[in-house]
Structure formats: C-alpha cells, structure tokens
1. Can you give the FRET efficiency to the nearest 0.05 for L405 and Q323, using r as the Cβ-Cβ distance and R₀ = 25 Å?
2. Using just the helices of the chain, give the 222 nm mean residue ellipticity in deg cm²/dmol: DSSP H runs with n ≥ 4 each add -39,500 (n - 2.57), and the total is spread over all residues, rounded to 500.
3. Please work out the FRET efficiency for the pair T90 and Y154, using the Cβ-Cβ distance as r and a Förster radius of 45 Å; give the result to the nearest 0.05.
4. What ranking, highest mean first, results for peptides 79-88, 424-433 when packing means the other Cβ atoms within 10 Å averaged over each residue?
5. For helix 566-577, report the angle its Cα long axis makes with the longest principal axis of the Cα atoms of the chain; keep it between 0 and 90° and round to the nearest 10°.
6. Out of [x] 81, 77, 51; [y] 92, 61, 48; [z] 76, 61, 43, which label holds the value of Cα extents along the principal axes in Å that was computed here?
7. Tell me whether region 494-624 comes out rounded, prolate or oblate; compute the Cα gyration tensor, take square roots of the eigenvalues as a ≥ b ≥ c, and use a/c under 1.5 as the rounded threshold.
8. If a/c stays under 1.5 just call it rounded; otherwise compare a/b with b/c (prolate if a/b is bigger, oblate if not). Do that for region 343-431, with a ≥ b ≥ c from the square roots of the Cα gyration tensor eigenvalues.
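The numbers here are math on the coordinates, done by the rules we state, and not lab data. Not measured: the values here are computed from a predicted model. Cβ coordinates were reconstructed from backbone atoms using ideal geometry, including for glycine residues, and neighbour counts include every protein chain displayed.
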Amino acid sequence: MSLLETISSPADLKKLPRSRLPELAREIRNRIVEVVSRTGGHLASNLGVVELTIAIHYVFDIPRDKLVWDVGHQSYTHKLLTGRAGRFSTLRQFGGISGFPKISESPCDAFSTGHSSTSISAGLGISCAKRLKNDNSRVLAVIGDGSMTAGMAYEALNQAGAIHKELIVILNDNEMSISPNVGALSSLLSRTFSAKFIQDKRKDIGELLRSLPGIGSDAYHLAKRAEESFKAFVTPGMLFEAFDFEYFGPIKGHRINHLIDILENIKNLEEPVLLHVATKKGQGYLPAEANPVYFHGVGCFDAETGDNLTCSDIPSYTEVFGQTMVRLAETNRKIVAVTAAMPEGTGLAEFSERFPDRFYDVGIAEAHGVTFAAGMATEGLRPVVAIYSTFLQRAYDQIVHDVCLESLPVVFAVDRGGIVGEDGPTHHGMFDLSFLRSIPNMVVMAPMDENELQRMLLTAVDYPGPIAIRYPRGKATGAAPEKINEPIALGRGKLVCSGDDVLIVAIGYSVLEALEAAQMLKEKGILATVVNARFVKPLDTELIGTLIQKIPRVVTVEENVLQGGFGSAVIEAMADAGITGFKISRIGIRDTFITHGSKSVLRKHYGVDADAVVSAAEALCRNLN
C-alpha cells in the first residue's frame with residue numbers, strides 16, 4: 001500500500017515520521033500528474049506547493065486551525081491530504097470534486113476561492129471572528145502566483161498590521177510574481193529570527209532599552225532601525241514590516257524538514273507574520289518545469305511526455321482575437337492592448353512581441369487596468385482591454401465611473417463569456433451581458449462565429465465610445481475565413497433563416513444552438529426563423545419587432561443569467577415599442593450558480609442547448625395553435 005493510501009485526514013499525516021515525508025511528496029506529485037493529464041487542470045502551480053502543503057498540515061491542526069488558499073489553484077495536495085484522495089480522479093468533472101477550495105465540499109476548506117488576492121482579507125476576517133469567540137486556534141493564508149500584484153492584498157495587509165491580530169501569511173513566491181530568492185544568507189536569517197527564544201530575547205531587549213531613563217525611546221528606535229537596515233540589506237522584508245508584520249524569509253520551499261521547523265517556530269507568535277517561501281512552479285515534473293506558463297492551466301496531455309492530446313486545426317476564439325489584434329495594429333497605431341497578468345491566456349502574446357511599446361500587462365489588477373486604459377483613451381488612443389468575463393466583474397465601478405461616464409473609447413474584449421467548463425462557478429462568465437448593458441453609453445455585442453468576432457473588433461476600434469465584445473472559451477466554429485474589411489452597422493442584427501411557425505432570437509454562441517434547434521424543429525414539421533441579434537445594446541428593435549408582429553411565438557437564447565440579460569432586453573424593447581400580443585420563452589441561466597463539468601454536459605444540465613430551444617418552441621406552438 002502506498003503512503004498516500006494510508007492518509008484519509010491530516011491526523012493520519014501526523015503519524016508519519018519526518019523521514020518518510022519526501023516519499024509522500026513524490027507519490028502526491030505522481031498522483032497529481034496522473035489525474036490532471038486526464039481531466040485537465042492547474043498543474044504547475046500545484047506541483048510547486050507539495051512540500052509546503054505537507055508541512056502546513058504536519059504542523060497545524062486543520063480544520064481547527066483555518067487554512068485559506070489564495071485563488072485556490074494550488075489546493076490539489078491539500079485535497080489529497082484531507083479525505084478526498086479516493087475521489088481525486090473526479091477532479092473538475094461533473095458531479096466530482098472542484099478544482100478549487102469549496103466550503104461545502106470539506107470542513108478543511110475554510111473559504112471558497114477562485115479569484116485572486118482574497119486570502120489575506122478572508123483570513124483576517126476569520127482571525128478577528130475567532131478572537132471575538134475566545135478561540136485561540138491559528139489562521140493561515142497562502143498567497144502567491146502573482147496575487148500580490150493586486151491592491152486588495154495590500155488593503156488586507158494594511159488592516160492586519162493596524163489591528164495587530166494573529167495571522168500567518170505565507171507568500172508562495174514561485175519566481176513568477178515577487179522577486180526571486182535572494183540567497184542562502186536570507187534563509188539563515190529566517191531560521192534565526194524565527195526561533196521562539198530569539199523572539200523572546202528581542203522583546204526583552206526592547207523593553208530594557210525603553211526603560212533606560214532619558215534615552216530609552218531613542219535607544220530602542222536606533223536598535224530597531226539597525227536591525228531593519230541589516231534585514232533590508234539581505235531580504236525584501238521591509239515592505240511587509242512597513243505593514244507591521246514580522247517578516248521571515250525567503251526560505252526554500254521544497255525542503256520539508258526546514259519548512260516544518262520554521263512553521264513550528266512561528267506557529268505561536270502573537271502578531272501578524274509573513275513567511276516568504278521560494279518555490280519552483282512545476283517542481284518534480286520536467287515538462288511543467290520547462291514550460292510553467294503552458295502547464296499553469298492545461299487540458300488533457302500525455303503524462304509521459306507532456307504532449308498536448310487535444311490538438312486541433314481550428315483556432316480558438318482567443319487565438320482569433322489575438323491574430324486580429326495584430327493585423328489591425330499593423331495599420332492603426334492608435335491601438336494599444338491591456339491585460340491583467342494574462343498575455344497568453346487572452347491571446348495577446350504575439351501582440352506583445354510585435355508591438356512591445358503598445359502592450360501593457362498591469363498584473364492581477366483589473367480595476368487599475370480599466371482606469372489605466374481610460375487615461376490612455378483621453379489622449380486619443382484606442383485601448384483594447386482583454387480580460388476574462390469573470391475577472392472583469394472586479395472592475396465594475398471603474399467601467400461605470402472612469403470609462404462610461406465620459407463615454408471614453410475603450411474596447412472591452414470580454415473573453416470566456418458564458419459557460420467555461422471545468423473551472424466551475426468562480427470562472428463562468430454568466431453576468432456580463434446583464435452588468436454591461438445596464439451602463440449608459442456602453443455598446444455590447446457578441447459574435448456567432450470567428451468571422452463576426454473579427455468584424456466586431458474592426459467595428460470596436462473605430463467606435464468613438466465604450467464598447468464590449470463578448471466571446472466564448474474554446475475552439476471557434478471552423479467557418480470558412482472571410483475577408484474582414486468592413487465593420488458591422490451599429491445595432492443591426494442578421495436574419496439567418498426563415499420560417500413561419502416560431503421566431504428564435506439568439507446572441508453569441510447561442511446562435512449556433514438556435515440553428516441546430518431550427519434543423520431539429522424542421523424535422524418535426526415546425527419551421528423557425530432564426531435571428532442573430534449580434535447586439536445586446538443597442539438592440540435591433542426594428543428587425544425583431546417586425547418579425548414578432550408576423551410570428552408571435554418567440555424564443556430568446558443566451559448563455560447568461562436571465563435576470564437583466566438578453567431576453568430581458570428583448571421584452572423591454574418590445575414593451576417600449578408598444579408591440580404586444582406575443583408569447584415569449586427565455587432560454588438562459590436561471591437564478592443559480594453553475595457547477596463544474598464539460599461545457600456540453602453543463603449546457604444540457606442547465607437547459608441552454610439546442611434540445612432546450614426545441615422544447616420551448618414546441619410548447620409555444622402547442623399553446624397558440
């Protein structure tokens with residue numbers, strides 16, 4: 001029996017001698033690679049925290065002690081050690097375990113996460129609540145993978161230092177965010193400064209110096225400055241000590257014994273602590289070590305070689321966007337690109353290489369990125385802000401206040417709109433049509449295929465105000481390429497096919513489901529008209545209204561929440577136009593969050609696929625005939 005098979009809880013882990021923990025780490029790495037090669041997932045970041053996770057669970061009493069993972073895509077080892085090893089093969093599959101921490105999944109998951117830079121805030125909240133309840137258990141927040149580039153992390157550090165609550169923040173520095181390890185001396189200093197007796201001596205000496213008559217306060221501050229100056233010379237700790245945290249590190253993050261020792265040393269300190277741990281993304285799996293960006297979030301691959309098993313000649317919508325940006329930027333020097341720590345993920349890697357002076361990666365700071373783009377727009381540029389739908393939610397105030405209020409010409413390339421698949425509820429783009437169309441001056445459009453995406457981008461960079469293009473995750477349709485040299489008329493939909501029995505009005509990817517439904521209905525003797533709305537705002541009220549008056553049986557289709565979404569826009573537009581006497585059925589996501597699973601399974605489960613359109617159309621035809 002393997003070591004991993006003997007562990008069903010952190011209590012089982014503590015029974016192992018330290019000498020066997022490296023063997024356990026190897027087993028865990030093999031298991032993660034084996035499963036993720038079949039299910040896809042976040043590989044490199046999880047491989048980098050195996051030893052750190054083992055050490056945390058070895059030293060602390062989880063779940064009595066609370067462990068909060070930032071972003072959460074570093075939590076696979078945590079899941080394996082907390083009773084989920086038997087279900088780990090279901091990772092990110094419909095009905096299986098989540099790829100992120102989830103409160104409802106395990107008492108060991110202290111906080112549900114998926115977006116970055118929330119761990120210190122949540123951990124501090126938990127710590128304060130514990131103190132109010134006279135609970136002296138510990139709280140840890142593990143942050144890394146670029147999350148320290150977001151302002152929210154510093155807001156939390158600021159409050160934690162000010163109120164001086166016990167909190168242990170572990171900065172997982174995998175050389176892709178905070179500066180690299182500064183060397184062996186800093187590791188030595190970390191061990192020395194963290195030892196409990198040294199901490200006690202520092203406090204005793206401080207009290208002695210303060211007690212010296214006449215010169216006590218000055219002597220104490222002089223000694224403190226001398227210590228801080230020395231530490232600042234060999235460590236990056238001054239930043240965190242400015243927030244009144246006790247800083248230790250950086251230490252090597254793949255030496256389990258060393259990690260356990262220092263965690264034991266800092267475990268009972270009564271002030272905010274930041275432990276800086278240097279890890280290697282992809283550690284222990286050569287393909288991921290060599291290409292940590294690709295293996296950050298990866299689909300199915302060959303575990304032996306690391307080769308991709310999902311190759312296709314059809315480009316993704318993200319790739320089409322990136323290619324079009326390059327082509328447009330070659331002739332339009334006003335175009336600049338902005339992304340939030342995801343040049344590869346948003347398709348802008350080639351743009352960044354071709355036009356480095358016109359490309360800006362702002363880090364995980366979506367709100368800043370939007371206002372930064374607004375500033376450039378005031379100087380006559382055409383900034384294109386490429387951000388995943390779920391992350392754009394974090395910049396809503398900036399879209400309203402800094403872009404739309406003055407109708408500045410900022411283009412929002414909203415990637416991953418709609419159902420995204422296995423990453424689950426924190427990553428589905430379910431709200432953008434609703435929250436964007438409600439803002440004055442904003443134009444919102446969504447393409448049915450890759451050719452329309454290109455035309456919409458051409459339209460957007462020439463538009464004199466704020467405009468958003470929302471497109472899905474994954475491969476495009478494989479449509480025959482068209483020459484893209486003409487923009488789309490603002491607010492004009494397109495009649496795709498005609499029939500007298502039912503009218504289907506769809507937006508974005510859902511147009512493809514509508515067309516499939518129309519073919520299925522035809523086989524049942526029901527003829528459908530299908531409209532590709534193209535625009536959520538301004539809506540083509542003239543086209544849709546004229547058709548509704550002829551065909552008073554209407555189905556709207558969208559991959560967005562129904563509240564305030566595309567279907568709502570159609571109903572509102574018809575009411576404002578005085579068009580009545582029709583029945584309408586709205587296909588979209590009802591009042592719920594969507595779980596994880598493949599896109600096809602989720603579309604069927606939540607009733608937004610072609611079958612759902614067919615059922616709605618048949619019901620309308622039965623009721624009105």
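1. 0.15
2. After summing the helix terms and dividing by the residues of the chain, the value is -12000 deg cm²/dmol.
3. The formula returns an efficiency of 0.75 here.
4. 424-433, 79-88
5. Helix 566-577 sits roughly 50 degrees off the main axis of the chain.
6. Read-out taken from this structure: [y].
7. It is oblate, given that a/c is not under 1.5 and a/b is not larger than b/c.
8. oblate
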